[in-house]
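Here's the structure we're looking at; comments come further down.
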Amino acid sequence: MTDPRVAQMVTALADHVLDYGADASRLLLRILRGLAKGHPVTREQVSQISAELGMDRLEAEGFLLDKTERDKEEAIVGIAGLSLNKHPHRFIVDGVRLSTWCAEDALFLPHLLEKEARVVSRSPVSGEIVRLRVGPDGVKEVAPSGAVISLALVDPEQENMSSVQAIWNAFCRHIHFFATREEAEVWVNGREGIAIVTVEEGFSVGSQLWSKTLRYVA
């Protein structure tokens, strides 16, 4: 990673924000992979999963409370960036049409799901469509070839990340795919705390952010 600001942020987030511990990490991945099948994860299913993991039900529900999107029945429809609701970045895995909260989510989710995905997004500058094929081990295809991604350089000790809405505000509204670096530079101009990286670098960022979660599961 060429930008030291990105490396510093990744270390801070991986060590202090996304290190949920073994049980919670396993719970998150079980729910994430269930959601990827295209259906909400109900409270009953959460109770079943937590029981199978040996977790207290109330502890599991408390952990998930501020990390999930819910529907009217309080079933989970979004977690860790993956959603059944409409967000700007389309994410297709095993033929199931989903979306992601931000562009970076679309790069790290195949790593967490251990599945290949196709991603379709639109540049907020030109409106040009950016298409990607992303596997668990990296980016396979990018069109146009010069596409890049913006990253919000967030200090986890300064930003509020206590809810999904807070995460959207701190991260997601700043993280997009662009058809070219020139477009990204136009968008970033006048905004503070934004880096521009290649999609391959974005994949590497996501892999590092969630490395502890996958180690717990392994």
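Readers should treat all values here as calculations from the given coordinates under stated rules, not as data from a laboratory. Just so it is clear, the structure is predicted and the values come from calculations on it, not from any experiment. A quick note on method: Cβ atoms are made from the backbone with ideal geometry, for glycine too, and the neighbour counts reach across all protein chains shown.
Just so you know, the averaged projected area of the alpha carbon convex hull for the range 46-137 sits at 7.2 nm². Which longest uninterrupted range of the chain lacks any GluC sites (Glu not before Pro) assigned by DSSP to a loop state (not H, G, I, E or B) and surrounded by at most 10 other Cβ atoms within 10 Å? Counting at most 10 other Cβ atoms within 10 Å as exposed, the longest clean stretch of the chain is 74-156. Each residue of the range 114-131 is assigned a 3J(HN,Hα), and the resulting list reads 6, 9, 7, 9, 10, 10, 10, 9, 10, 4, x, 9, 9, x, 5, 7, 10, 10 Hz, derived from the Karplus form 6.51 cos²θ - 1.76 cosθ + 1.60 (θ = phi - 60°), x at Gly and Pro.
Each part gets one Cα centre, and for the range 160-174 versus the range 86-109 those centres are 17 Å apart. A Stokes-Einstein calculation at 37 °C with viscosity 0.692 mPa s, built on the Kirkwood radius of the range 164-218 over Cα pairs, returns a diffusion coefficient of 250 µm²/s.
Suppose R0 equals 41 Å. What FRET efficiency, 1/(1 + (r/R0)^6) with r the Cβ-Cβ distance, do Arg57 and Glu185 give to the nearest 0.05? That gives a FRET efficiency of 0.25. You can think of it this way: the chain between Gln48 and Arg5 has 11.4 nm of extra reach, that is 0.36 nm per residue less the Cα-Cα gap. With helices as the sole contributors, the chain gives -12000 deg cm²/dmol at 222 nm; each DSSP H run of n ≥ 4 counts as -39500 (n - 2.57), and the sum is divided by every residue. Quick one: work out Rg over Rh on the C-alpha atoms of the chain, Rh as Kirkwood radius. We get a ratio of 0.95 for the chain.
For Lys37 and Ala166, a Förster radius of 25 Å and the Cβ-Cβ distance give a FRET efficiency of 0.35, rounded to the nearest 0.05. In the chain, a dipole from Cβ-located charges (positive for Lys and Arg, negative for Asp and Glu) runs towards its positive end, and of Asn160, Phe108, Ala170 it is Phe108 whose Cα lies farthest in that direction. Look at His174, His39 and count the other Cβ atoms within 10 Å of each Cβ; fewest to most, that gives His39, His174. Loop-located trypsin sites (Lys or Arg not before Pro) in the range 106-200 (DSSP state not H, G, I, E or B) with no more than 11 neighbouring Cβ atoms inside 10 Å: Arg191. Ranked for footprinting exposure by Cβ neighbours inside 10 Å, fewest first, Cys102, Cys172 give Cys172, Cys102.
Panel order for Leu65, Leu214, by other beta carbons found within 10 Å of each beta carbon, from fewest to most: Leu65, Leu214. P(r) for the range 39-86, from all Cα pairs and a bin width of 5 Å, is 5, 23, 31, 25, 13, 3, 1 %, short bins first.
Assuming charge only on the beta carbon of Lys and Arg (+1) and of Asp and Glu (-1), the dipole of the range 1-126 about its Cα centre is about 600 debye to the nearest 20. Each residue of the range 134-139 is assigned a 3J(HN,Hα), and the resulting list reads 10, x, x, 10, x, 7 Hz, derived from the Karplus form 6.51 cos²θ - 1.76 cosθ + 1.60 (θ = phi - 60°), x at Gly and Pro. In this Cβ point-charge picture (+1 for Lys and Arg, -1 for Asp and Glu), the range 111-211 has a dipole of about 400 debye about its Cα centre.
Both the radius of gyration and Dmax for the range 1-68 are 14.8, 45 Å, in that order, over alpha-carbon atoms.
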